[in-house]
1. Listed residues Leu88, Leu70; which is loosely packed, with under 12 Cβ neighbours inside 10 Å, touching a helix residue (DSSP H, G or I) at 6+ places or on another chain (Cβ under 9 Å) and either among the basic types (Lys, Arg) or not in a helix (DSSP H, G or I) (or both)?
2. Among the residues that make up region 41-59, is at least one of them assigned to a helix (DSSP H, G or I), at pLDDT below 95 and loosely packed, with under 12 Cβ neighbours inside 10 Å?
3. Evaluate the following for Glu30: is it touching a Phe, Trp or Tyr at 6+ places or on another chain (Cβ under 8 Å), of a type in the set (Asp, Glu) and either crowded, with 17+ Cβ neighbours inside 10 Å or in a loop (DSSP other than H, G, I, E, B) (or both)?
4. Consider region 14-52. How many of its residues are touching a Gly at 6+ places or on another chain (Cβ under 9 Å) and closer than 17 Å to Leu66 by Cα?
Amino acid sequence: MLTFIAQLEPWHWMAAGVILLAIEVLIGTELLLGIGLGALAVALVYKVSPELTWQMQLVWFGVFSLLFTLLYWKKFRAAGQKTDQPLLNNRTEQLVGSVLPLLESIENGRGRVQIADALWVVDGPEAPKGTIVRVIGVEGMTLKVELQDS
């Protein structure tokens with residue numbers, strides 16, 4: 001094994017990089033991206049500077065792999081987290097601002113409204129059934145409401 005490592009050529013690094021990137025494309029985990037790019041970078045450095053020892057090749061491979069991985073996670077992964085619809089998977093937060101009639105009167109601070117096919121517990125000021133309320137916040141699965149001005 002050591003003799004193989006000592007005889008590495010640029011095409012070995014190129015092949016390793018292409019194989020790693022192909023596996024990354026297939027599995028899509030983003031774990032092999034930096035490693036594959038690191039192997040390709042070592043192939044380029046080794047092609048330009050063929051006197052590199054195998055130990056230095058491995059050092060450069062580690063450095064490049066770490067650098068590309070950190071660069072990806074800092075620049076591109078963080079950019080992918082931003083969305084133009086931050087409430088897309090947060091149903092309760094989407095309800096803030098809704099104007100609804102009370103299905104059950106609010107007594108002792110608790111009542112109910114119906115939204116689509118679901119009943120929601122509301123917390124707000126005392127009000128009789130049918131009063132129009134506006135959702136102003138959410139606490140767990142309870143909607144905070146205020147009386148809607150007519």
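The values are calculated or read from the model by the stated rules, or taken from the named source; none is laboratory data. Being a predicted model, the structure only gives us computed values, none of them experimental. Methodologically, a virtual Cβ is constructed for each residue, glycine included, from the backbone with ideal geometry; neighbour enumeration extends over all protein chains shown.
1. Details: Leu70 fails: either among the basic types (Lys, Arg) or not in a helix (DSSP H, G or I) (or both).
Of the residues listed, the single one that is loosely packed, with under 12 Cβ neighbours inside 10 Å, touching a helix residue (DSSP H, G or I) at 6+ places or on another chain (Cβ under 9 Å) and either among the basic types (Lys, Arg) or not in a helix (DSSP H, G or I) (or both) is Leu88.
2. yes
3. Yes.
4. So the count comes out to 14.
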